[in-house]
Each structure stands twice: as structure tokens, then as C-alpha cells.
């Protein structure tokens with residue numbers, strides 16, 4: 001009898017351990033979760049002062065002009081990420097959660113509120129054409145989407161169950177300490193363009209409390225396109241996937 005009880009107890013423990021492994025595995029491959037953005041503040045350029053000279057008449061003056069003009073066709077989001085693994089029901093009532101110390105992952109943004117996560121892949125040239133047309137970017141504009149995401153060097157990462165191989169998609173890098181970073185897969189604050197065959201997904205690879213564009217530490221930085229001539233700007237939806 002004791003042997004039967006021991007076997008039954010062992011089977012019970014195996015069942016419990018199996019369930020725990022299943023929960024851990026599911027948490028690591030779940031689709032990205034909708035993210036709530038807690039507004040902190042915004043900032044824009046104060047402009048630059050007009051240059052001036054006082055020159056005598058009767059001369060021809062040759063001068064080179066340098067300018068910095070704010071680009072209203074793009075906008076940026078950045079900040080830090082907190083979160084938890086959670087066990088919720090269909091009403092988002094929580095039976096238990098595990099607070100996370102976020103060390104990596106991705107922040108995603110799209111104008112579509114519904115992404116088909118299982119069909120995601122690298123954005124194609126046709127996707128770039130569609131995006132540029134939507135925002136009114138010229139094919140030779142310095143700030144169009146393909147001229148902005150003009151690198152293919154980036155880290156490997158996973159979106160749900162979809163593996164994005166290293167240096168397989170179009171990518172860009174936001175600045176660090178007010179300077180353009182090196183164009184390679186080791187650079188901080190990488191952003192990669194994905195598409196689910198319908199919608200563009202701007203994908204910022206998270207860092208862990210690294211110095212950002214202004215020397216302040218952040219977990220992510222990303223830029224996303226906008227039509228600067230619109231009275232009502234585009235709405236973007238955000239998701240996160242944390243490690």
C-alpha cells in the first residue's frame with residue numbers, strides 16, 4: 001500500500017512540475033501585451049536664433065548657410081518599462097502576478113489596433129512604398145521611411161513565437177548622448193521595421209537603463225512617422241514584450 005501511495009504521490013508531483021513548466025513556457029512565448037503609456041512630459045525645439053552680419057555695400061559676399069529645422073514628419077517616444085507576468089481571466093481579474101525586473105524585450109507601435117502576430121516578418125519594399133505614400137513622403141526625400149530605416153544590422157529577437165533573425169530586416173538607431181551611433185548590430189536603441197502583411201509595426205529593442213539621446217537613462221527610444229500637415233495627428237497603438 002505504501003508503495004502505491006508513493007507512486008501516486010510521485011505522479012502528483014510530476015503533474016505539478018509539468019504544469020509549472022507549461023506556465024513558464026507559455027509566459028515566455030505569449031504574444032506581446034498591450035502597453036499603457038503613462039504621460040510624463042513632451043519637448044520640442046525652441047528654434048535657433050537668426051544669424052546676422054553687418055557688411056559694407058559695393059561688395060559681393062559669398063557665404064555658406066547651415067540650418068537645423070525641426071522635422072514635423074516624425075515623432076519620438078522614449079522612457080522606461082515596468083511590468084509583471086500575470087494570471088488573469090477574460091475580465092482581466094488577476095489571481096496572481098510576478099513583478100518583473102525588465103532586462104530586455106521590445107516596444108511595438110502601429111497605426112493598426114490589431115496585429116496578426118503569427119504572420120509577422122520583415123517589412124518589404126512594397127511596404128515601404130505604401131508607408132511613404134500614406135505620409136506623403138517623396139521617393140527621394142531624405143526623411144522618408146526607407147531612407148530613415150536604411151540599415152540591415154540589428155540584434156536577433158523574438159515576437160511571440162516568431163523569431164526575427166539578426167540583421168535580416170530594415171533598421172535604424174536613435175541617438176546616444178546627442179550623437180549618431182555606429183551602424184552595427186551592437187549599437188544601442190535599435191529599431192526594426194516589421195509587417196504582418198497588412199500593417200507596419202515599428203519595433204524598438206529595449207535596453208536596460210542605458211544612456212539615451214540626452215544623456216538620461218532609458219529602457220527604450222523609438223521614432224515613428226507622422227504627417228506634419230495634418231490638423232489631427234495619427235493614433236498609434238503600443239505593445240510590449242519583456243524578458
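Laid out as a table, the results:
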item: The chain: angle of helix 2-29 to the longest principal axis, Cα-based, in degrees nearest 10; result: 10 degrees
item: Scaled radius of gyration (Cα, divided by 2.2 N^0.38 Å) that the range 84-193 gives; result: 1.31
item: Point-to-point label distance, residue 198-residue 140, nm (Cα→Cβ direction, 7 Å offset); result: 3.7 nm
item: Acute angle (nearest 10 degrees) that the helix 125-135 long axis makes with the longest principal axis of the chain, alpha-carbon atoms; result: 60 degrees
item: Whole-number percent relative contact order across the range 181-223, with pairs defined as alpha carbons under 8 Å at least 6 apart; result: 30 percent
item: Cα gyration tensor shape for the range 152-237, rounded if a/c is under 1.5, else prolate or oblate; result: oblate
item: For the chain, built as a Gaussian network whose Cα springs stay under 10 Å, the top-fluctuating residue of 216, 65, 192; result: 65
item: Gyration tensor verdict on the chain (Cα atoms; rounded if a/c is under 1.5, prolate if a/b is larger than b/c, oblate otherwise); result: prolate
item: Stretch gain in nm, segment residue 167-residue 116, where the contour uses 0.36 nm per residue and the Cα spacing is subtracted; result: 16.1 nm
item: Gaussian network model of the chain, springs between alpha carbon atoms under 10 Å - residue of 141, 110, 187 with greatest fluctuation; result: 141
item: Spin-label pair residue 42/residue 94, simplified geometry with 7 Å Cα→Cβ offset, distance in nm; result: 2.9 nm
item: Label-point separation, residue 30 to residue 211 (7 Å along Cα→Cβ), nm; result: 3.6 nm
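Values in this text are rule-based calculations from the coordinates and carry no lab data. Every value quoted in this text rests on a predicted model; they were computed, and no experiment measured them. As a convention, Cβ positions derive from the backbone with ideal geometry for all residues, glycine included, and neighbour counts pool all protein chains shown.
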